[in-house]
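A.B. asks: Supplied in structure tokens, the structure appears directly below.
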Amino acid sequence: MNSILKNIWVLAIVVLSIMVTIWISLTSYNNKMQSQYNNILERYLIMNEVSSISQQIVTDLNNYFVDQSLIKKKALNHDKFKIITMKEEVSKFRSVENDFAIANYENLIDSFIETIDRALMFRTEEESEDYQEALSEATNISMYISEMTLDLIDTELKTYDSFYHGIIDRSEELKVLGVRLLMLITLLLLLFTYWFSKRITTPLKKLTLAASELSKGRFDLKVEVESNDEIAFLAKTFDRMRININNYLVEIKQKAQLENELQKNKLLLQESQLHSLQSQINPHFLFNTLDTLSKKAYLEGSEQTSDLLVSVADLLRYNLRNLDKTTYLSDEVYVLRQYIEIQKARFTERLQFHMDIDPVSLDIQLPRLTLQPIIENAIIHAIEPLEDGGAIWFRAVNGLDRVTIEIQDHGPGMSADKVSSILEGQSNETEGHSTGIGVSNVIKRLTLFYGVEDIINIESALGIGTKVVLNIPRKRRMDKDD
Amino acid sequence: MKYVFSLICATIKLVKSNERGKVFVRKIVITLLTLICGFLFYLTVMSATKVFTTDWQLPETKVTAQSNFRLVLISQDLDTPFWNQVGAEAQKQAKSDNVSLEVWGSYGNNHDDFLKKMEVAIYSQVDGIIVQGLDTDRFKELAKTKAAAYGIPIITVANDVSVEESLRRTYVGSDQYLAGNMIAKQLVKDMGVTGDVILIHNSEQQFYQEQRLMGIKDILKNYPDINIVDGETNHTREQVIAVTKGLLNKEPNVDAFIAVDANIAETMIQEIERRSQVIPYYIYSFGDDTESNTLLKQGKLDGIIEQSPGEIGKLSVKLMVDWLNNETNPLHLEGYFTDIRVLKAKDIR
């Protein structure tokens, strides 16, 4: 794994090694230059020393002449030894170019020493005149040595001229190199740092984006990070977490679905109870009997009874058909009229039924037996208990995408608790209902059928009356319930 | 500038416009950075190689001293055509004989400097000294005692000194007596057998001047009608002018001048010119230096002696090397004479 830590180490080591390389090369270069300088300087110093020692020897000789003590002689011998050593040093400077001059120089020193020895010899032999001559000769040679030293240094300077210029050029170039190196390293380091930081921050940015998406509730986006460091590991873990959460969500949804289906099954159970009730009567026998009764009544001149019997037969026939089937509002309304005819025969003037229907709304579809139980409910609660009876309004108003159906009475009304308990489907009264289907059944069936909650609304106040409002959509939302 | 600006504008527009533009600019930036990096790297490497390569050539150091002979050629008059030629040929010969030779000397006949160089050469114990002879006591002493004490052979060139006084091994150069003869003969030929001749020579009676005078007089004494007037001067300009003036005053009817020392000739001619025309006089000199040649070209000199400097240089080195190698032993004490001839004004024109 290419970890961030490792990357940082690599960066540090690279920078360090560059620094060390530069430092080492510059130091070695400096040392080399230094040794060259020292070498050259040494030559000049040694040559200069030769000339000063030769002068010193002449002085020594003079001193010895004046004061013939052992100390003076010792000093003289010491300096003589010194100049001999110097001569050997000088011979090391021999090169192709100054061979002749060095040879001359060495011989000059030899001649000088020889003259000194001669002077000493004359001195011991007390030959004053010869001694003086030798001394002046030695002085001359010492002067020549000084001059030749200058000449030699001059020659050296000329010989090493290009070398010196080379050194100067190099030190100039070194400055340029320093600037260029600094620029190059700066640029490279900046670029490398940019690349390096980008490598770390880009995956982080992606991760942040993914996290924010996740927090908004989008669990279906894959978290992808193209790197192979710790952040990639983090991203992978993060992705795994996302998948797990996603799985949980799906599970919860499935559970909700399951519960919904359970509810549905409960209703089906109720329906099946009804079916079992229906199946206790032989419908054909009942219809035939009712038809026979109707015809009999007609023949006996009781037309009203005959009509009533037809209504009852129609109502029963309609009710006994399959509850699952959808029907049109027109059919529902027709059955409603038959039902009202029957109830009018019962309540006579006490029941006043007002119907106001927009003909355009008649073609909408709705489940069978939705309106009749509500009207029946109104009759049971708002007409039956009152001595003077009451009025029931039925309205169907066509809207843009839904049809509003209102059933209103002026009965005693209900408390708000009762209304909410009906709407939540907790009360399950079926007593007094001719079909055994109560209002709550209707509500549940409508909710399941359309898949929306707000299909039915009940406005009620105690002592004023009740108004049931159905909002039937023109299009069903859940087609699978067909 | 305008183009660059518009380019930048276009680029910015492109970047703002779409993703493809971004990629394009990215590519440009990367290429640019790579180029800059490469360029900087190249410069750095160039600088580094310049700094770290040591291409200077230090002279090769030698551990042992050379075994071949060290010779010194010393002249009193460096940087003159004559001595340049002598030096060049001598160097050539030295190279072919595989000996080292250095040309030392003084400028403009500075005797002190010249003698100092001579002394240094002796104290430096060179193997051989080839020197322009100087007829002074100091020179002779140096040659006779100092050089002999260190066992250094001396060959005189161009100007000779007497062998007894200097103990020189030999002389290489023009035969000055012969030169005198030739000038005298030329004079007789040009002027005829009658006339007054002024011989001006340097008071520092140098050996070669004596030889020349002798050579001239030996010829002229055969012509009794030729009258010789001796003029003596030293080498200073004022003295030359004064002497020339005096002689012209004393001998207004003079016909010819001979400058026995070539260095006198120019000043002498200038002084004569101040008096009258130069053309009627027959004027001769022994030098073949630049001034003499110019004067000859101008027709102010009628004849000079042309020497062979190249031969002098070559032969002197050769003889010295031979002697050091014991090939020609002994050398001819009277000397080895190189070619001379009279160069006349009409030859040049």
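A.B. asks: How many residues does the stretch A:394-413 hold that are farther than 17 Å from A:Thr370 by Cβ and either assigned to a strand (DSSP E or B) or open to solvent by 40 Å² or more (accessible area, probe 1.4 Å) (or both)?
C.D. replies: Narrowing the stretch A:394-413 to residues farther than 17 Å from A:Thr370 by Cβ: A:398-401, A:409-413.
From what is left, the residues that are either assigned to a strand (DSSP E or B) or open to solvent by 40 Å² or more (accessible area, probe 1.4 Å) (or both) are A:398, A:400-401, A:409-410, A:412.
The total comes to 6.
A.B. asks: Scan the stretch A:93-111 for residues that are farther than 22 Å from A:Tyr160 by Cβ, facing chain B (nearest Cβ under 7 Å) and hydrophobic (A, V, I, L, M, F, W, C) and jot them down.
C.D. replies: Listed by number, the list holds a single entry, A:Leu108.
A.B. asks: Select, from A:Val20, A:Val96, A:Val66, the only residue that is surrounded by fewer than 16 Cβ atoms within 10 Å (Cβ to Cβ), among the aliphatic types (A, V, I, L, M) and within 60 Å of the chain's Cα centre (by Cα). Walk me through it before giving the result.
C.D. replies: On the way: A:Val96 fails: within 60 Å of the chain's Cα centre (by Cα); A:Val66 fails: within 60 Å of the chain's Cα centre (by Cα).
Every option except A:Val20 fails the conditions.
A.B. asks: OK, next. Filter the stretch A:163-177 for residues that are at the interface with chain B (Cβ under 9 Å from one of its Cβ atoms) and open to solvent by 70 Å² or more (accessible area, probe 1.4 Å) and give the result.
C.D. replies: A:His165, A:Asp169
A.B. asks: Here's another thing I want to ask about it. Could you list all residues from the stretch A:33-48 that are exposed (fewer than 13 other Cβ atoms within 10 Å of the Cβ) and modelled with pLDDT of 85 or more? Let's see the steps before the verdict.
C.D. replies: Step one: filter the stretch A:33-48 for residues exposed (fewer than 13 other Cβ atoms within 10 Å of the Cβ), giving A:34-35, A:37-39, A:41, A:45.
Residues satisfying the conditions are A:Gln34, A:Ser35, A:Asn38, A:Leu41, A:Leu45.
A.B. asks: Say whether the condition of being at pLDDT 85 or above and open to solvent by less than 60 Å² (accessible area, probe 1.4 Å) is met by at least one residue in the stretch A:277-290.
C.D. replies: Here is the first cut: in the stretch A:277-290, the residues at pLDDT 85 or above are A:289-290.
Then drop every residue that is not open to solvent by less than 60 Å² (accessible area, probe 1.4 Å), which leaves A:289-290.
Checking the stretch A:277-290: at least one residue is at pLDDT 85 or above and open to solvent by less than 60 Å² (accessible area, probe 1.4 Å).
A.B. asks: While we're on this one: Quick one: is A:Leu191 part of a helix (DSSP H, G or I), touching a residue at least 60 places away in the same chain (Cβ under 8 Å) and facing another protein chain (nearest Cβ under 9 Å)?
C.D. replies: Values: part of a helix (DSSP H, G or I): yes; touching a residue at least 60 places away in the same chain (Cβ under 8 Å): no; facing another protein chain (nearest Cβ under 9 Å): yes.
When the stated conditions are applied, A:Leu191 does not pass them.
A.B. asks: Give me a count of the residues in the stretch A:118-144 that are away from chain B (no Cβ under 14 Å) and in a helix (DSSP H, G or I). Give the derivation first.
C.D. replies: Here is the first cut: in the stretch A:118-144, the ones away from chain B (no Cβ under 14 Å) are A:119-129, A:131-132, A:135.
Restricting the remaining residues to those that are in a helix (DSSP H, G or I) gives A:119-124, A:128-129, A:131-132, A:135.
So the answer is 11.
A.B. asks: Here is a follow-up. Name the pairs: first residue in the stretch B:115-144 and within 26 Å of B:Asn326 (Cβ to Cβ) and in a helix (DSSP H, G or I), second residue polar (S, T, N, Q) and open to solvent by 20 Å² or more (accessible area, probe 1.4 Å), Cβ to Cβ under 8 Å, at least 6 apart or on different chains?
C.D. replies: Within 8 Å, the pairs are B:Tyr123/A:Asn107.
A.B. asks: Here's something else I'd like to know. Check B:Ala242 against each of (1) open to solvent by 20 Å² or more (accessible area, probe 1.4 Å); (2) out of contact with any strand residue (DSSP E or B) (no Cβ under 7 Å at 6 or more places or on another chain); (3) aliphatic (A, V, I, L, M); (4) in contact (Cβ under 8 Å) with a residue 24 or more places away in the chain and name the one condition it does not meet.
C.D. replies: The number of the failed condition is (4).
A.B. asks: Identify the residue in the stretch A:178-188 that is under 14 Å from B:Ala48 (Cβ atoms) and facing chain B (nearest Cβ under 7 Å) and, among all such residues, is least open to solvent (accessible area, probe 1.4 Å).
C.D. replies: Kept after step one, since they are under 14 Å from B:Ala48 (Cβ atoms), are these residues of the stretch A:178-188: A:178-185.
Now drop any that are not facing chain B (nearest Cβ under 7 Å), which leaves A:180-181, A:183-184.
On the way: A:Arg180: 60, A:Leu181: 42, A:Met183: 100, A:Leu184: 14 Å².
Ranking the candidates gives A:Leu184 first.
A.B. asks: To continue, here is another question. What are the residues in the stretch B:5-63 that are among the charged types (D, E, K, R), open to solvent by 90 Å² or more (accessible area, probe 1.4 Å), within 30 Å of A:Gln36 (Cα to Cα) and modelled with pLDDT under 80, if any?
C.D. replies: Looking only at the stretch B:5-63, we keep the residues that are among the charged types (D, E, K, R), and these are B:13, B:16, B:19-20, B:22, B:26-27, B:50, B:55, B:60, B:62.
Subset that is open to solvent by 90 Å² or more (accessible area, probe 1.4 Å): B:13, B:16, B:19-20, B:22, B:26-27, B:50, B:55, B:60.
Now narrow it down to the ones that are within 30 Å of A:Gln36 (Cα to Cα): B:50, B:55, B:60.
Within the stretch B:5-63, B:Asp55, B:Glu60 qualify.
A.B. asks: Under the condition of being within 11 Å of chain A (Cβ to nearest Cβ) and open to solvent by 10 Å² or more (accessible area, probe 1.4 Å), which residue from the stretch B:120-144 is nearest to A:Met148 (Cα to Cα)?
C.D. replies: Of the residues in the stretch B:120-144, the ones within 11 Å of chain A (Cβ to nearest Cβ) are B:120-127.
From what's left, open to solvent by 10 Å² or more (accessible area, probe 1.4 Å): B:120, B:125, B:127.
On the way: B:Val120: 9, B:Gln125: 14, B:Asp127: 18 Å.
Once the filter is applied, the top-ranked residue is B:Val120.
A.B. asks: With a cut-off of at least 3 residues that are over 30 Å from B:Thr156 (Cβ atoms), name the helices (runs of 4 or more DSSP H) lying wholly within the stretch B:203-314. Steps first, answer last, please.
C.D. replies: Values: elements: B:207-220, B:237-250, B:262-275, B:290-298.
The qualifying helices (runs of 4 or more DSSP H) are B:237-250, B:262-275.
A.B. asks: A further question on this structure: For the stretch A:203-220, what are the residues that are touching a residue at least 12 places away in the same chain (Cβ under 8 Å) and of a type outside the set (Gly, Ala, Ser)? Explain how you work it out, then say what you get.
C.D. replies: Taking the stretch A:203-220 and keeping what is touching a residue at least 12 places away in the same chain (Cβ under 8 Å), we get A:203-204, A:206-207, A:210-211, A:214, A:219-220.
Selection gives A:Pro203, A:Leu204, A:Lys206, A:Leu207, A:Leu214, A:Phe219, A:Asp220.
A.B. asks: Taking the options A:Lys253, A:Lys222, name whichever one is modelled with pLDDT under 85 and exposed (fewer than 12 other Cβ atoms within 10 Å of the Cβ). Talk me through it step by step, then tell me what you get.
C.D. replies: Working: A:Lys253 fails: modelled with pLDDT under 85.
Selected residue: A:Lys222, the only one of A:Lys253, A:Lys222 that is modelled with pLDDT under 85 and exposed (fewer than 12 other Cβ atoms within 10 Å of the Cβ).
The values are calculated or read from the model by the stated rules, or taken from the named source; none is laboratory data. Small disclaimer: the values here were computed from a predicted structure and weren't measured. Neighbour counts are summed over all protein chains in view; Cβ atoms, including those assigned to glycine, are modelled from backbone coordinates with ideal geometry. Side chains included, ligands, DNA and RNA excluded: accessible areas come from the protein's heavy atoms. Shrake-Rupley method; radii C 1.70, N 1.55, O 1.52, S 1.80 Å.
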